[in-house]
Amino acid sequence: QKEVEQDPGPLSVPEGAIVSLNCTYSNSAFQYFMWYRQYSRKGPELLMYTYSSGNKEDGRFTAQVDKSSKYISLFIRDSQPSDSATYLCAMSRNAGNNRKLIWGLGTSLAVNP
Amino acid sequence: GAGVSQSPSNKVTEKGKDVELRCDPISGHTALYWYRQSLGQGLEFLIYFQGNSAPDKSGLPSDRFSAERTGGSVSTLTIQRTQQEDSAVYLCASSLLGVNTEAFFGQGTRLTVV
């Protein structure tokens, strides 16, 4: 079993839909949780960064962490065609340690106009 | 530069040949990372450079892989005697030092070993 599980999709939704992307993990020591967006033929870019449990909102994006269930989510409201990309979750035990990030495989999202 | 630059964007090589992949980080970023992204695998950390400190090579999968960073800026990842399983996207990222610093990624080099 991988430390981080992420459904690869693909997920296809109509423009304006609410999108829910999820990851589960097995290591209870993880405290830092990130969501990255990766467009085709590009490198990942950081979208959201969350410490421990709770919610964090940034514009149309909301990240949720439920440490008791070892489950994290990224919600996208009013989805746009420009949101079409692969979304990667990543997590670590310690802050700011990009070497020790454990990555999900990514979920491919297509938002159709 | 405006962002992390990697070259070439695509590389096709024959099995057994050596390849060199180049990364030009964001100016002023002292931390530099190499990752590998393969189908069915998450991003895999390969090597980390930070300033003048000894690099963290703990992620290199075999001794066919090596990297150097000259003058604290440009880095080159070298794969010797390439194998088909080396086919992947090789991503470089750079960051400032400190806690909670974001790593900025280049567009990657897509390596295909035939």
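Full extension of the chain between B:Arg64 and B:Val114 yields a length gain of 16.3 nm, computed as 0.36 nm times the residue separation minus the alpha carbon distance.
Residue separation of B:Gln80 and B:Leu96 scaled by 0.36 nm, minus their Cα-Cα distance, works out to 2.7 nm of gained length. Too long at a 22 Å Cα-Cα cut-off: which of A:Lys42/B:Lys17; A:Lys100/B:Lys17; A:Lys67/A:Lys100; A:Lys2/A:Lys67; A:Lys2/A:Lys70? Correct reply: A:Lys42/B:Lys17; A:Lys100/B:Lys17.
Treat each spin label as a single point 7 Å out from the Cα along the C-beta direction, and report the B:Ala2 to A:Glu15 distance in nm. About 2.5 nm separates the two model spin labels. Residue order for A:Ile72, B:Ile26, B:Ile79, fewest other beta carbons within 10 angstrom first, comes to B:Ile26, B:Ile79, A:Ile72.
Cross-link partners for A:Lys56 among the aspartates and glutamates, with Cα-Cα distance under 18 Å and sequence neighbours closer than 8 places in the same chain left out: A:Glu45, A:Asp66, A:Asp78, B:Glu102.
Between A:Ser52 and A:Ala95, the contour length at 0.36 nm per residue exceeds the Cα-Cα span by 14.4 nm.
Label reach from A:Lys2 (point 7 Å along Cα→C-beta): in segment A:88-111, amide nitrogens under 16 Å belong to A:88-92, A:101-109.
In segment B:14-114, Cα pairs under 8 Å separated by at least six residues give a relative contact order of 35 percent.
Where a number appears in this text, it was derived from the coordinates with a stated rule and is not lab data. Only a predicted model underlies this, so the values are computations on that prediction, with no experimental measurement involved. Neighbour counts run over all protein chains shown; Cβ positions are idealised from the backbone, glycine included.
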